[in-house]
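See structure below.
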Amino acid sequence: MSECPMTDVNGTLFSLAAADALGAATEFKTPQAIASRYGPTFTDYQPGSVFGFAPGEATDDTQMVVATLLGYARKGGLEGVLAALREWLAAGPPDVGGLTGAALRSNSLANSLDGGVRAWQDSAFQSAGNGGLMRIAAVWIAGFRGAELARESAAVTALTHADPRCVYASVFLTAFLEALAGGQPYAGAAASALQITDAFDGRAALLDCGVFGIGTRDAHLAFRDRERQARAEVRTRVRSGLGGKLTSQSGFVLDTLEAAVKHAGAGTWHACVEPAVLLGDDSDTVACVVGAIAGARGLEVPPYLLAPLRLGHTWPGWQRDWACTGHFPAVVQAAQAQCAQTQ
Ligand SMILES: [Mg+2]
């Protein structure tokens, strides 16, 4: 079970949520449009979300983190997480990623875990968006650690995003969170997490947990053919992000990973998150991943951003007008209590 005090994981959840809510206003905008509307700095929640999120409301990224935690709290393991994500979707959220929607609506058997694999197959094995990476901090917040953390991160990602680039990016990120929360310095934590990623057998993990089955043999073979390259690309992008390079804030998982690693090494919480928000494009998701990393480093969200924080959707287990400060700790505690019994 967790070696980190509960406050650390709660702090990470608040951090990713606040960063996501800051980025909600600038999602899909260009840096030029953002600068002309909001000015050269971005320090508080603003109107302007293309999905109608009010200032202070976090988007699908954080909503799916919380839905994952609600799923774990039901003690259903992966099936519980999948059911909770489907309930979130069924309640009609303002924004749903393309592959996420396809995977969760997959017409395979209701309780089958292979919707993400089938959606990847239907994309001719091309789709590699950031919709798994953006919510995978939930697995670490729920209390998974070490080898279990890598296996669970792979499986939970592949519920919607089964491309090996998505799977290995998530395995890296949660290992990075664990290393940072354990007190390792930034570059050293990234190196430790890359070692775990390089040694991890994603194909075996997805077979063992039932994400790959007899009905998805083509995807299983495609994953096998591409996973070595995927691990190499994750390594390359993490190193370039550490070196200060940013290719794009697009929704491609490796762009998001590189940008987040670049931004999240700054000296204060705001210095990490603000550049992600000001650069626009998929700014809410890049900011959300930055927020997870900054939170695991122990950087604290400015207090004035906590009180107004909400999630921009109502679904079974969550109300849109609930203050995150009043409800996050109980959601985390319930998920951790069940996950402790399954490890
Ligand atoms: Mg979003």
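Results, tabulated for the structure shown:
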quantity	calculated
The one condition in (1) away from the ligand (no atom under 16 Å from the Cβ); (2) more than 25 Å from residue 35 (Cβ to Cβ); (3) touching a Ser or Thr at 6+ places or on another chain (Cβ under 8 Å) that residue 223 fails to fulfil	(3)
Candidates 251, 280 - the one that is closer than 30 Å to residue 50 by Cβ and in contact with a strand residue (DSSP E or B) (Cβ under 7 Å, 6 or more places away or on another chain)	251
Residue list for the stretch 8-43, filter: over 27 Å from residue 136 (Cα atoms) and basic (Lys, Arg)	37
Residue within the stretch 190-202 that is in contact (Cβ under 8 Å) with a residue 60 or more places away in the chain, buried (at least 22 other Cβ atoms within 10 Å of the Cβ) and within 25 Å of residue 123 (Cβ to Cβ) present	no
Among the residues listed as 91, 102, the single one being away from the ligand (no atom under 12 Å from the Cβ) and modelled with pLDDT under 95	102
Residue match in the stretch 239-251 (condition: away from the ligand (no atom under 16 Å from the Cβ), under 20 Å from residue 192 (Cβ atoms), buried (at least 21 other Cβ atoms within 10 Å of the Cβ) and in contact (Cβ under 8 Å) with a residue 40 or more places away in the chain)	no
The stretch 293-325, residues that are part of a loop (DSSP other than H, G, I, E, B), out of contact with any helix residue (DSSP H, G or I) (no Cβ under 8 Å at 6 or more places or on another chain) and touching a residue at least 24 places away in the same chain (Cβ under 8 Å)	308, 314, 320
Single residue of 11, 48 found to be away from the ligand (no atom under 13 Å from the Cβ) and in a helix (DSSP H, G or I)	11
Residue 334 being within 29 Å of residue 128 (Cβ to Cβ), away from the ligand (no atom under 16 Å from the Cβ) and surrounded by 15 or more Cβ atoms within 10 Å (Cβ to Cβ)	no
Flag for residue 306 being modelled with pLDDT of 95 or more, crowded, with 24+ Cβ neighbours inside 10 Å and aliphatic (A, V, I, L, M)	no
Members of the stretch 122-152 that are part of a loop (DSSP other than H, G, I, E, B) and either away from the ligand (no atom under 16 Å from the Cβ) or hydroxyl-bearing (Ser, Thr, Tyr) (or both)	123, 124, 125, 126, 127, 128, 142, 143, 144, 145
The stretch 19-45, subset within 16 Å of the ligand (Cβ to nearest atom) and charged (D, E, K, R), residue farthest from residue 95 (Cα to Cα)	29
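The values are calculated or read from the model by the stated rules, or taken from the named source; none is laboratory data. None of the values given here were measured: they were computed from a predicted structure. For neighbour counting, all protein chains shown are included, and Cβ atoms are generated from backbone atoms with ideal geometry for every residue, glycine included.
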